[in-house]
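Novice: Can you read through this structure? Questions will come right after.
The numbers here are math on the coordinates, done by the rules we state, and not lab data. All values reported here derive from a predicted model rather than from experimental measurement. A quick note on method: Cβ atoms are made from the backbone with ideal geometry, for glycine too, and the neighbour counts reach across all protein chains shown.
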Amino acid sequence: MNVPLTIWRNREWIQQFTIQNADGTPVSLLGDTLALVVLRNGSVALSNITPTVDVATAQIVFLFSDGQTALLVPSSTLDIAEGTYTWQFIRRAANNPNSDLLSTGPLTVNDSPPFPPMATPQ
């Protein structure tokens, strides 16, 4: 599934996913490894492999801090040579050496000043 996401640089990013079977029941995630990865030019720019997982509902929540998103560059300042961001939600089921790409898409990073914002001297 190709899903565009937009986040704010210097702000906490909370991303939630729910994995269900075709009949709507939760997929068993016991022992699975899950990751949310941000790529730029094929290199990992940001990664989280320690989400909060509710195994009863198969709800997964990834959290990136202000400091982590501060490492990203606003998309509006990137040129073609610098590339753009994409994101991937990846799952490796328990006892399986292979991983599955569950969802992916472009990621737009909007700029926001660090908190607390400082007034620009005039």
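Novice: What does the extension gain come out to for Asn95 and Leu63, with contour length at 0.36 nm per residue minus their alpha carbon separation? Each step should come with its number before you reach the end.
Specialist: Details: separation 32, 0.36 × 32 = 11.52 nm, distance 2.56 nm.
Result: 9.0 nm gained on full extension.
Novice: Can you list residues from other chains, or at least 5 along the same chain, whose modelled amide H is less than 5 Å from the amide H of Thr84?
Specialist: Sorted by chain and number, the residues that satisfy this are Asn41.
Novice: Report, by chain and number, residues whose modeled amide H sits under 5 Å from the one on Glu12, excluding near sequence neighbours (fewer than 5 apart, same chain).
Specialist: Close amide H contacts, sequence-distant or interchain: Asp66.
Novice: Using θ = phi - 60° and the Karplus form 6.51 cos²θ - 1.76 cosθ + 1.60, what ³J(HN,Hα) does each residue of region 103-108 get, whole Hz, x for Gly and Pro?
Specialist: 7, 7, x, x, 10, 9
Novice: Let me make sure I get this right: for region 61-122, a, b and c are the square roots of the gyration tensor eigenvalues over alpha carbons, sorted descending. Under 1.5 in a/c it's rounded, otherwise prolate if a/b > b/c, else oblate. Which is it? Write down the numbers at each step before the final one.
Specialist: Working: a/c = 4.28, a/b = 1.94, b/c = 2.20.
Because a/c hits 1.5 or more and a/b fails to exceed b/c, region 61-122 counts as oblate.
Novice: In addition: Return a whole-number percent for the relative contact order of the chain, with Cα pairs under 8 Å and 6 or more residues apart as the contact set.
Specialist: Values: 253 pairs, mean separation 45.7, N = 122.
Contact order relative to length: 37 percent.
Novice: Check Leu46: other-chain or 5+ apart residues with amide H under 5 Å from its amide H, H built from backbone geometry?
Specialist: So Leu46 has HN proximity to Val38.
Novice: I would also like to ask the following. Rounded to the nearest 500, what is the chain's calculated 222 nm mean residue ellipticity when only DSSP H runs of at least 4 contribute -39500 (n - 2.57) each, over all residues? Mind showing how you got there, number by number?
Specialist: Details: 1 runs with 4 residues, N = 122.
The helix contribution divided over the chain gives -500 deg cm²/dmol.
Novice: By counting other Cβ atoms within 10 Å of each Cβ, how are Phe115, Phe17, Phe89 ranked from fewest to most?
Specialist: On the way: Phe115 10, Phe17 17, Phe89 22.
Least to most surrounded, the residues fall as Phe115, Phe17, Phe89.
Novice: Can you list the residues of region 23-56 with backbone N under 18 Å from a point 7 Å past the Cα of Leu71, pointing along Cα to Cβ?
Specialist: 34-52
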